[in-house]
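Participant: Sharing a structure here in structure tokens format.
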């Protein structure tokens, strides 16, 4: 059970506030609603990947690949430094 609230850094310039900490959980799970609200981004899901983009500029923030039923996002970029995927 989550017993601590805090902040977490997704990259050097991307932070989420008021996240829940579950000490015995093996993975870090991110709420898509919280991610899109706080980072002002769009999250697009496909059959085997998800794309995270800046809502205003459409710049690429991150890509997650589906592995064992969970989208794994390995690296996130600053929303202002990457080019649009589209």
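The values are calculated or read from the model by the stated rules, or taken from the named source; none is laboratory data. This is a predicted model, so every value here is computed, not measured. So basically every Cβ, Gly included, is an ideal-geometry build from the backbone, and we count neighbours across all protein chains shown.
Participant: For segment 1-25, how many residues are over 14 Å from residue 76 (Cβ atoms) and exposed (fewer than 11 other Cβ atoms within 10 Å of the Cβ)? Please lay out each step first, then the result.
Facilitator: Kept after step one, since they are over 14 Å from residue 76 (Cβ atoms), are these residues of segment 1-25: 1-7, 17-25.
Still in the running and exposed (fewer than 11 other Cβ atoms within 10 Å of the Cβ): 1-7, 17-18, 23-24.
Count: 11.
Participant: If residue 43 satisfies all but one of (1) surrounded by 17 or more Cβ atoms within 10 Å (Cβ to Cβ); (2) out of contact with any strand residue (DSSP E or B) (no Cβ under 6 Å at 6 or more places or on another chain), what's the number of the condition it fails?
Facilitator: Unmet condition: (2).
Participant: Next up: Considering each of 60, 16, 76 in turn, give the residue that is under 11 Å from the mean Cα position of the chain (by Cα) and modelled with pLDDT of 80 or more.
Facilitator: Working: 60 fails: under 11 Å from the mean Cα position of the chain (by Cα); 76 fails: modelled with pLDDT of 80 or more.
Within the list 60, 16, 76, the selection yields 16.
Participant: If residue 28 meets every condition in (1) assigned to a loop (DSSP other than H, G, I, E, B); (2) surrounded by 10 or more Cβ atoms within 10 Å (Cβ to Cβ); (3) free of Cβ contacts under 8 Å to residues at least 12 places away in the same chain apart from one, which number is that one?
Facilitator: (3)
Participant: Looking at (1) farther than 16 Å from residue 73 by Cα; (2) at pLDDT below 80, which is the one condition that is false for residue 37?
Facilitator: (2)
Participant: Taking residue 51 as the residue in question, decide whether it is touching a helix residue (DSSP H, G or I) at 6+ places or on another chain (Cβ under 6 Å), at pLDDT 90 or above and on the phi < 0 side of the Ramachandran plot.
Facilitator: No.
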